[in-house]
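Undergrad: Attaching a single structure in structure tokens format; questions to follow.
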Amino acid sequence: MEHNPLLEVTDLRTRFHIAEGTVYAVNGVSFRAGEGETLAVVGESGCGKSVTMMSVMRLIPIPPGEIASGQALFRQRDLFKITENEMEHVRGKEMAMIFQDPMTALNPVLTIGRQIGEALRVHLGMNDQQAQDRATDLLAQVGIPDPARRLTEYPHQFSGGMRQRAMIAMSLACAPSLLIADEPTTALDVTIQAQIIELVKRLRDELGMAIIWITHDLGVVAGLAERVNVMYSGFIVEEAVVDDIYENPLHPYTLALLEALPRVDRRRDRRLHSIPGAPPNLLVAPHGCPFAPRCERVIERCKVENPTLELVAPHHKIACWVDVTTGKPR
Amino acid sequence: MSATIETNHQNLKDNLVQVNQLVKHFPVTQGLIIERQIGAVKAVDGISFNIAKGETLGMVGESGCGKTTAGRTMLGLYPITSGSVRISGIEVNKAPKQDMMTIRRKAQMIFQDPYGSLNPRWTVSGIIGEPIRVHKLMKNTKERDERVHELMLLVGLSPRLINRFPHEFSGGQRQRIGIARALASEPEFIVCDEPISALDVSIQAQVVNLLEDLQDKFGLTYLFIAHDLSMVRHICDRVAVMYLGVIVELAERDELYENPLHPYAVALLSAVPIPDPKKDRSRQRIILTGDVPSPINPPSGCRFHPRCPLAIKICSEVQPEWREAAPSHWVACHVV
């Protein structure tokens, strides 16, 4: 399971300066994704999972956004130091992104063929005919029937699942080595979600690309990811290989999230375990552990000092002062 | 659950809600000046079921299957095309005006979108107090405010927030406001239309537990419409699976999840992700091809036949009959 490093992010801090003050969206996040690896980033809305990846792609509008610190090495090149022109070459060609809502991510007044063809013309210098032929292949590859005719249609003529397939086809146009998927199945029905997950798995195995899958759904990534990062309030709180996250979660937040999930494969045996309170206000600079106000295992130290992410077992890091199994300080 | 809540026993006393061959079509028209009807969206096309007092019936299916339309039509929010709905013996949209007011008080709804379903210009006090005002349940403003106070405490909101506006609340808190509003008229039956799907996982559990507590406290009856099959298994007593305007299977919760019969129900359940990597990897998934067809021209015979892995010749010709395949386990399929 060892992969050569592809993307290495260190101490990323992203903030937004808005009328109400400063939003502390990402607060010193470090992680790596290997070549061909599937990494899942899991967390609730506002935990900074999307902003982290948007920062790496340099898609954060500045201002109001600000990347206060950090380094994002993509194949040894710091994405925060290269020019916008160079970045445009990385985006689309070496790393591509798909989004939750394919309707807003697609341009409604251009045909699907035109939109897929754009990357091919810009990045690979193809002419119109070549771009069209390649786009037809791509649509066929993502399982859209009658691709040649579908190329001439507009996004509104596609169903939700079809649009997401078209988005994936577009992202694959230049055979990127990293695909960032930001909740790509959240807006879809479960049967369509299963289709898209199967498709992404197949393409990953065929093309050997790395995937960073951002989601709030711990169920979706269980069968898909190799490693999982759990985020809360702009911090990574737990990082482990997928089986450890589900079988042996060590951060109280991960544990609570798993206990809050009902299971389709089990009879009901108890009430759901709910996490009291709500995620913290990001307008307040973080102080202490961000999960402390909602944590069942909180100790005095949690309220004053934020734990850093540390290795506590092989390939298993958590940011917590408490040992969840004993409830005592570590 | 006793055998008394079977779909064919139409007139049992403990059935609070009785739905019989309910049909809701929306006309499709053409022409600007002289409009004429050229077809109909057959959103709900003949569904029958009962809900016993104190029971939670789940209704699941993909988007566009008609589950939301069914819920709204049952409360008289849309005119009924044909068939009937009875709530505590009163026929929705047919009963005299006074009886309809009774239904509107006794049957309430909780909506999916906690942002769109609350008037942004009204305070919490106005929103929760509205049903009390409409149904003249309290004598004066002071009594009404006290009742709103009480309702806020009941759903876990601080009464100090009574004069705040919806935008000052989080999604989970807004859903609590929606629940308090539904409870204000002391209902017996609540249609919960995807009440948790817009909420974060950690908040979903809070709202589901609240709905269960309220059910225990007031003996409420729920129709729980959702696409999250895991949550439906957790909260519901019986579950109905809808596909393109019809119910294809109806059974008690564990019976349905452990022995699904209809190929659509089987595929739907196999597509639900399980938060257990080893189990999820080893599972046999049935991946349905294609999308749900248009409800304007639903397929002939069994509506699921174009996507069905088990389809045989008869499936495209004859609509399968609704039969009891096992005790209290109903299904409409030629093959299973």
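The values are calculated or read from the model by the stated rules, or taken from the named source; none is laboratory data. Because the structure is a prediction, the values reported are computed rather than measured. No Cβ is skipped: glycine too gets one built from the backbone with ideal geometry, and neighbour counts run over all protein chains shown.
Undergrad: Kindly provide the set of residues from the stretch B:204-254 that are more than 24 Å from B:Ser294 (Cβ to Cβ) and part of a loop (DSSP other than H, G, I, E, B), ordered by number.
TA: Across the stretch B:204-254, the qualifying residues are B:Gly219, B:Leu220, B:Asp228, B:Cys236, B:Asp237.
Residues are listed down the side, and each one gets a yes or a no for (1) charged (D, E, K, R); (2) outside any helix (DSSP H, G or I); (3) more than 23 Å from the chain's Cα centre (by Cα); (4) modelled with pLDDT under 90:
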site: B:Arg121; (1), (2), (3), (4): yes, yes, yes, no
site: B:Ile132; (1), (2), (3), (4): no, no, yes, no
site: B:Met138; (1), (2), (3), (4): no, yes, yes, yes
site: B:Arg164; (1), (2), (3), (4): yes, yes, yes, no
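Undergrad: Scan the stretch A:200-223 for residues that are more than 14 Å from every other protein chain (Cβ to nearest Cβ) and of a type in the set (Lys, Arg) and report the count.
TA: Residues that pass the stated criteria total 1.
Undergrad: Further question on the same structure: What are the residues in the stretch A:154-169 that are assigned to a helix (DSSP H, G or I), away from every other protein chain (no Cβ under 14 Å) and surrounded by 14 or more Cβ atoms within 10 Å (Cβ to Cβ), if any?
TA: Within the stretch A:154-169, A:Pro155, A:Met167, A:Ile168, A:Ala169 meet the criteria.
Undergrad: Might you check whether a residue that is within 11 Å of chain A (Cβ to nearest Cβ) and hydrophobic (A, V, I, L, M, F, W, C) occurs anywhere in the stretch B:234-248?
TA: Scanning the stretch B:234-248 turns up at least one residue that is within 11 Å of chain A (Cβ to nearest Cβ) and hydrophobic (A, V, I, L, M, F, W, C).
Undergrad: If you don't mind, there's one more thing I want to ask. Exactly one of these conditions fails for A:Val51: (1) aliphatic (A, V, I, L, M); (2) farther than 19 Å from A:Arg91 by Cα; (3) within 10 Å of the chain's Cα centre (by Cα). Give me its number.
TA: (2)
Undergrad: In the stretch B:188-235, how many are in contact with a strand residue (DSSP E or B) (Cβ under 9 Å, 6 or more places away or on another chain) and within 24 Å of B:Ser158 (Cβ to Cβ)?
TA: Of the residues in the stretch B:188-235, 8 are in contact with a strand residue (DSSP E or B) (Cβ under 9 Å, 6 or more places away or on another chain) and within 24 Å of B:Ser158 (Cβ to Cβ).
Undergrad: Right, here's the next one. Specify the residue that is farthest from the other protein chains (Cβ to nearest Cβ); the eligible residues are those in the stretch A:128-146 that are buried (at least 18 other Cβ atoms within 10 Å of the Cβ) and under 15 Å from B:Gly290 (Cβ atoms).
TA: Checking each candidate, the answer is A:Val142.
Undergrad: Considering only the stretch A:248-261, how many residues are at the interface with chain B (Cβ under 10 Å from one of its Cβ atoms) and outside any loop (DSSP other than H, G, I, E, B)?
TA: 5
Undergrad: Only one of A:Cys302, A:Cys289 is buried (at least 18 other Cβ atoms within 10 Å of the Cβ) and either modelled with pLDDT under 90 or in a loop (DSSP other than H, G, I, E, B) (or both). Can you tell me which?
TA: A:Cys289
Undergrad: Let me ask something else. Based on what the data block shows, is B:Glu62 charged (D, E, K, R), over 19 Å from the mean Cα position of the chain (by Cα) and on the phi < 0 side of the Ramachandran plot?
TA: In short, no.
Undergrad: State all residues of the stretch A:171-186 that are closer than 9 Å to A:Gln100 by Cβ and outside any loop (DSSP other than H, G, I, E, B); if no residue qualifies, say none.
TA: Across the stretch A:171-186, the qualifying residue is only A:Asp182.
Residue-by-condition table, conditions (1) within 14 Å of another protein chain (Cβ to nearest Cβ); (2) buried (at least 22 other Cβ atoms within 10 Å of the Cβ):
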site: B:Ile128; (1), (2): no, yes
site: B:Arg160; (1), (2): no, no
site: B:His167; (1), (2): yes, no
site: B:Ser185; (1), (2): no, no
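Undergrad: Can you tell me which condition A:Gly113 does not meet? The list is (1) within 14 Å of chain B (Cβ to nearest Cβ); (2) buried (at least 18 other Cβ atoms within 10 Å of the Cβ), and all the others hold.
TA: Among (1) within 14 Å of chain B (Cβ to nearest Cβ); (2) buried (at least 18 other Cβ atoms within 10 Å of the Cβ), A:Gly113 violates only (1).
Undergrad: Then there's this: If the requirement is being within 12 Å of another protein chain (Cβ to nearest Cβ), over 16 Å from the mean Cα position of the chain (by Cα) and not aromatic (Phe, Trp, Tyr), which of these qualifies: A:Ile245, A:Ile196?
TA: A:Ile245 is the lone residue from the list that is within 12 Å of another protein chain (Cβ to nearest Cβ), over 16 Å from the mean Cα position of the chain (by Cα) and not aromatic (Phe, Trp, Tyr).
Undergrad: Just one of A:Glu206, A:Glu239 is over 17 Å from B:Lys278 (Cα atoms), buried (at least 22 other Cβ atoms within 10 Å of the Cβ), acidic (Asp, Glu) and out of contact with any helix residue (DSSP H, G or I) (no Cβ under 8 Å at 6 or more places or on another chain); which is it?
TA: Being over 17 Å from B:Lys278 (Cα atoms), buried (at least 22 other Cβ atoms within 10 Å of the Cβ), acidic (Asp, Glu) and out of contact with any helix residue (DSSP H, G or I) (no Cβ under 8 Å at 6 or more places or on another chain) holds for just one of A:Glu206, A:Glu239, which is A:Glu239.
Undergrad: Does B:Arg253 count as within 12 Å of chain A (Cβ to nearest Cβ) and closer than 21 Å to B:Arg323 by Cβ?
TA: The answer is yes for B:Arg253.
Undergrad: Scan the stretch A:202-218 for residues that are closer than 14 Å to A:Ser177 by Cβ, touching a residue at least 40 places away in the same chain (Cβ under 8 Å) and part of a helix (DSSP H, G or I) and report the count.
TA: Adding up the residues that qualify gives 2.
Undergrad: Could you pull out the residue among B:Val155, B:Val207 that is surrounded by 23 or more Cβ atoms within 10 Å (Cβ to Cβ) and either of a type in the set (Asp, Glu) or in contact (Cβ under 8 Å) with a residue 24 or more places away in the chain (or both)?
TA: B:Val207
Undergrad: For B:Asp291, are the conditions met, namely being over 30 Å from B:Gln37 (Cβ atoms) and of a type in the set (Asp, Glu)?
TA: For B:Asp291, the condition - over 30 Å from B:Gln37 (Cβ atoms) and of a type in the set (Asp, Glu) - is not met.
Undergrad: Also: Which of the residues belonging to the stretch B:222-237 are crowded, with 23+ Cβ neighbours inside 10 Å and in contact with an Asp or Glu (Cβ under 6 Å, 6 or more places away or on another chain)?
TA: Passing the criteria: B:Ile225, B:Ala226.
Undergrad: Out of all the residues in the stretch B:278-293, is one or more touching a Phe, Trp or Tyr at 6+ places or on another chain (Cβ under 8 Å), within 14 Å of chain A (Cβ to nearest Cβ), of a type outside the set (D, E, K, R) and not in a loop (DSSP other than H, G, I, E, B)?
TA: The answer is no; no qualifying residue exists.
Undergrad: Among the listed residues B:Ser316, B:Ser270, B:Ser282, B:Ser300, which satisfies the condition of being hydroxyl-bearing (Ser, Thr, Tyr), without any contact (Cβ under 8 Å) to a residue 60 or more places away in the chain and within 21 Å of B:Met231 (Cβ to Cβ)?
TA: None of the other options fit; the residue is B:Ser270.
Undergrad: Only one of these is within 14 Å of chain B (Cβ to nearest Cβ) and under 25 Å from A:Met95 (Cβ atoms): A:Leu179, A:Leu188, A:Leu151. Name it.
TA: A:Leu188
Undergrad: Identify, by number, the condition in (1) without any contact (Cβ under 8 Å) to a residue 60 or more places away in the chain; (2) not in a loop (DSSP other than H, G, I, E, B) that A:Thr326 doesn't meet.
TA: (2)
Undergrad: When residues of the stretch B:46-83 are filtered for being among the charged types (D, E, K, R) and either over 21 Å from B:Arg238 (Cα atoms) or assigned to a helix (DSSP H, G or I) (or both), how many remain?
TA: So the count comes out to 2.
Undergrad: Within the set of pairs 6+ apart or on separate chains, which have a first residue in the stretch B:12-32 that is without any contact (Cβ under 8 Å) to a residue 60 or more places away in the chain, a second that is loosely packed, with under 13 Cβ neighbours inside 10 Å and assigned to a strand (DSSP E or B), and C-beta atoms under 6 Å apart?
TA: That search, which allows pairs on different chains as well, returns B:Pro27/B:Gln37; B:Thr29/B:Gln37; B:Gln30/B:Ile38.
Undergrad: Could you give me the residue pairs with C-beta distances under 7 Å whose first residue belongs to the stretch A:262-284 and is more than 9 Å from every other protein chain (Cβ to nearest Cβ) and touching a residue at least 40 places away in the same chain (Cβ under 8 Å), whose second residue is acidic (Asp, Glu) and assigned to a loop (DSSP other than H, G, I, E, B) wherever it lies, and which are 6+ apart or on separate chains?
TA: Final answer for the pair search is A:Leu283/A:Glu20.
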